[in-house]
Amino acid sequence: MHSSVMFLTDSPSGAAYDARHSTRGNNMKTSKLALFAIVLWLASAVVFAWFFVMGNTIQIEGQRTAIVLKPAERELALTEMRGLLSSTQVILEGLNKNDMQQVAQAARASGMGSAADLNPALMAKLPISFKELGMSVHHAMDDIAHDAESGKPASDILNKLSNTLSGCVACHSAWQLKSE
């Protein structure tokens, strides 16, 4: 037994044998660590994707789903919705007076520019369908502003605003914002 140990450690071929096994052992450790890192990364990506799509929601009585937010996040979302409602009122007032500059200014105030600084933590809590509806409203407001600036007839703009409000109604029919 002792001579075989001497052979592996003392002979040139034994040293090469030991070096190969030592390297192979390090490679296996590195491979296992790399595999673990990849699995951990994939698990994190799946969890992130699930939250990105589903948001932080709970089922409530009736047809709606509650989106659970911190009180400050809820207030931020509601303030944005109130801004959209105010813009809609000013757009209707401008259309009634045939003041396309007022229409464009009110619509632009609720366009994509107003959605640019949204808190990433808040966005992560919102379900994808809620985000899609919200972003479609902001895009529609930009379209309304462009149409007003381009001199489109009030009836066309009113039709576009009506379609936009259908998205608001769909959203409010499907979702409720709740505080944690």
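Test Val169 against the criterion of being closer than 30 Å to Asn56 by Cα, free of Cβ contacts under 8 Å to residues at least 12 places away in the same chain and aliphatic (A, V, I, L, M), and give yes or no.
So Val169 passes the test.
Does Asn96 satisfy being at pLDDT 80 or above and more than 30 Å from Lys131 (Cα to Cα)?
Spelling it out, Asn96 is indeed at pLDDT 80 or above and more than 30 Å from Lys131 (Cα to Cα).
Sort out which residues of the range 155-176 are crowded, with 17+ Cβ neighbours inside 10 Å, hydrophobic (A, V, I, L, M, F, W, C) and at pLDDT 95 or above, and write them in order of number.
Answer for the range 155-176, where residues must be crowded, with 17+ Cβ neighbours inside 10 Å, hydrophobic (A, V, I, L, M, F, W, C) and at pLDDT 95 or above: Ile157, Leu161.
The values are calculated or read from the model by the stated rules, or taken from the named source; none is laboratory data. Computed from a predicted model, the values in this text were never measured in an experiment. With ideal geometry, Cβ positions are generated from the backbone for all residues, glycine too; neighbour counts draw on all protein chains shown.
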